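Beneath this line is the structure, given in structure tokens, with notes to follow.
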Amino acid sequence: MRLPGDFTFHKQADPWLSWHYITANAHAILAATHAHVTLTLESVALGLLFAVPMAALARQRAWLRSLILNLCTAVYAIPSLAFVVAMVKIFELNRLTIVIPLASYSLVILVRNILTGLDEVSGEAVDAARGMGLSNLRIFLLVRLPMALPTIMAGLRLAVVSTIELVVIGGYVGQGGYGAKIFEAFSTRSHTELTTYILLTVLLALAADGLLLVAQRLLTPWRRGVTA
Amino acid sequence: MSPDLLATHVNNSTWHQITTWFTSRSSWFGSDGSAGVFRLLYQHVWISALSLAITCAIGIPLATLLARWRRGGLVVTSIANSARSIPVVGVMLLLAVGPIGIGTEPAVIALVIFALPPIVTNTYTGIREVDAETTRAAVGMGMTRMQVLRQVELPLAIPLIATGIRLAAVQLWATATIAAIVGSGGLGQLITVGYATQYYGEVYGGVMIIAVTAIGLDASLQGLQSLVRRRYGAALPVQA
């Protein structure tokens, strides 16, 4: 039994890794995972929402193409800490503080891959669709996008993996996910908590990568056997 | 006070803070106890340059060794893929609570780890893509393995090595900002100190300076790289 004046508990074990920590904190880990996954999905979804029209626009004129690509590269060069803290004053504790910077970062990967994918669509397939009387919008949605899907999915995988890593910085500005736990562990000097959540971030990224690879195979059955 | 009025009031005061910060002498040259922009810029350049030098010193020899090895490609892709998923902030904080402690060292170690992939992958690809007939001709002329490496393979790989160094430098400049969290100084300190004291003039001043220098570095290195390409020939970069 510990008495109030007994400080030996300060010396309690704080190993770099502990299975006991994981089982004892399963609820907190699940909650953080849920928050981390949600933030990642929201960021990439918002990025994708902007990336598709941006890529479609970039294909119209050569100057638009270089303008859009350069703009994405410039945004990507802004350090995440600067971008995220700059959003705090505007959105305060709203999740947009982290979602907007991460969506902006994902654009550089998504726009480039969607563009490459659309460029690779064969002109003959488009001509055939036009001969069948499809409108331009339908050709875009029913022919060009599905044919560009393998390259788009490859970009999506990259974007998701790098977003999972980037969500961590949100912990600095009071956003949830593994980042909150990592910064909490830093302030309480808890080795176990710190290593656990760093490893969880890596594992989540690897799991997401694998899952998206499976999805890519399922979505593009005609490409099975082709190494992308 | 109505919410609208409150919002305008807050915005005006932020603008006021930003202009005050930009026009006051102490933000640029520092006052007693706090470093100014020029001092922090110097620290930022120093940390990034030191990390880049260490990364090149480790990465380029490592990549040339891996290029000689049959399974090298697998090692290179796994280095690149795993580094992309490790949270850089986490590693910095981990090194800071560990035996290394707070300061420049955890920052430089973390920065080197994350700058390695672009340099290793590009150098590796650059050497691997040298035409086999070219190296065979060099061997046929009586060159030793070391001579082939130094006089044939490395010069031909220069465009890709330059790409790797550019990608690493831009990434280092950005990541060195985060290093301010573990007390390494640099321009990121404008953000961490401003955020901690809720002085948004300093935060936004810092954000603008960091964004402009980062984009400027990226643009100028791309210009420099096109010079290298003109001198040594073009090659496709490897994104990592």
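The values are calculated or read from the model by the stated rules, or taken from the named source; none is laboratory data. Here the structure is a predicted model, which is why all the values come from computation and not from measurement. We place every Cβ from the backbone using ideal geometry, glycine too, and count neighbours over all the protein chains shown.
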TODO: Exactly one condition in (1) in a helix (DSSP H, G or I); (2) under 30 Å from A:THR188 (Cα atoms) is not met by B:ILE102; state its number.
DONE: (1)
TODO: Could you pull out the residue among B:ILE86, B:ILE127 that is more than 8 Å from chain A (Cβ to nearest Cβ), of a type in the set (A, V, I, L, M, F, W, C) and within 21 Å of B:LEU74 (Cβ to Cβ)?
DONE: B:ILE127
- [ ] Specify which of the listed residues (B:GLY194, B:GLY206, B:GLY186) is at positive phi and surrounded by 13 or more Cβ atoms within 10 Å (Cβ to Cβ).
- [x] B:GLY186
Open item on the list: Please count how many residues of region B:131-169 are among the β-branched types (Val, Ile, Thr) and either touching a strand residue (DSSP E or B) at 6+ places or on another chain (Cβ under 7 Å) or buried (at least 23 other Cβ atoms within 10 Å of the Cβ) (or both).
Closed with: 3
Open item on the list: Can you name every one of the helices (runs of 4 or more DSSP H) wholly within region A:84-186 that holds 2 or more residues which are acidic (Asp, Glu)?
Closed with: A:123-131
- [ ] Report, by residue number, each residue of region A:70-91 that is more than 11 Å from chain B (Cβ to nearest Cβ) and either within 26 Å of B:ILE181 (Cα to Cα) or without any contact (Cβ under 8 Å) to a residue 24 or more places away in the chain (or both).
- [x] A:PHE91
Task: Residue, farthest from the other protein chains (Cβ to nearest Cβ), within region B:179-205, restricted to residues that are under 22 Å from B:ALA219 (Cβ atoms) and under 18 Å from the mean Cα position of the chain (by Cα) - done: B:GLY186
Open item on the list: Scan region B:120-130 and tell me whether some residue there is assigned to a helix (DSSP H, G or I), surrounded by 18 or more Cβ atoms within 10 Å (Cβ to Cβ), among the aliphatic types (A, V, I, L, M) and modelled with pLDDT of 90 or more.
Closed with: yes
TODO: Report, ordered by the first and then the second residue, all pairs with beta carbons closer than 8 Å, sequence separation of six or more or different chains, a first member in region B:116-145 that is touching a residue at least 60 places away in the same chain (Cβ under 8 Å), and a second member that is of a type in the set (Asp, Glu).
DONE: B:ILE127/B:GLU153
Open item on the list: Out of the residues in region B:206-218 meeting the condition of being more than 8 Å from every other protein chain (Cβ to nearest Cβ) and free of Cβ contacts under 8 Å to residues at least 40 places away in the same chain, tell me which one is farthest from B:GLN17 (Cα to Cα).
Closed with: B:GLY216
Open item on the list: Condition first: surrounded by fewer than 17 Cβ atoms within 10 Å (Cβ to Cβ) and over 17 Å from B:ILE178 (Cα atoms). Now tell me which residues in region B:210-224 satisfy that.
Closed with: B:GLY216, B:ALA219, B:SER220, B:GLN222, B:GLY223, B:LEU224
- [ ] Scan region A:92-111 for residues that are over 18 Å from A:VAL44 (Cα atoms) and touching a residue at least 60 places away in the same chain (Cβ under 8 Å) and jot them down.
- [x] A:LEU93
TODO: Output the number of residues of region B:22-67 satisfying the condition of being closer than 22 Å to B:ALA110 by Cβ and assigned to a helix (DSSP H, G or I).
DONE: 24
Open item on the list: Give me the residue from region B:92-112 that is crowded, with 20+ Cβ neighbours inside 10 Å and out of contact with any Ser or Thr (no Cβ under 9 Å at 6 or more places or on another chain) and, out of that set, nearest to B:GLY59 (Cα to Cα).
Closed with: B:LEU95
- [ ] Keeping to region B:223-240, report how many residues are part of a helix (DSSP H, G or I) and modelled with pLDDT under 90.
- [x] 8
Task: Residue identified as out of contact with any helix residue (DSSP H, G or I) (no Cβ under 9 Å at 6 or more places or on another chain) and away from every other protein chain (no Cβ under 14 Å) among A:GLY117, A:GLY133 - done: A:GLY133
- [ ] Scan region B:68-89 for residues that are surrounded by 15 or more Cβ atoms within 10 Å (Cβ to Cβ) and part of a loop (DSSP other than H, G, I, E, B) and report the count.
- [x] 2
Open item on the list: Condition first: away from chain B (no Cβ under 11 Å) and among the hydroxyl-bearing types (Ser, Thr, Tyr). Now tell me which residues in region A:193-228 satisfy that.
Closed with: A:THR220, A:THR227
Task: Subset of region A:214-228 (residues that are surrounded by 12 or more Cβ atoms within 10 Å (Cβ to Cβ) and modelled with pLDDT of 90 or more) - done: A:ALA215
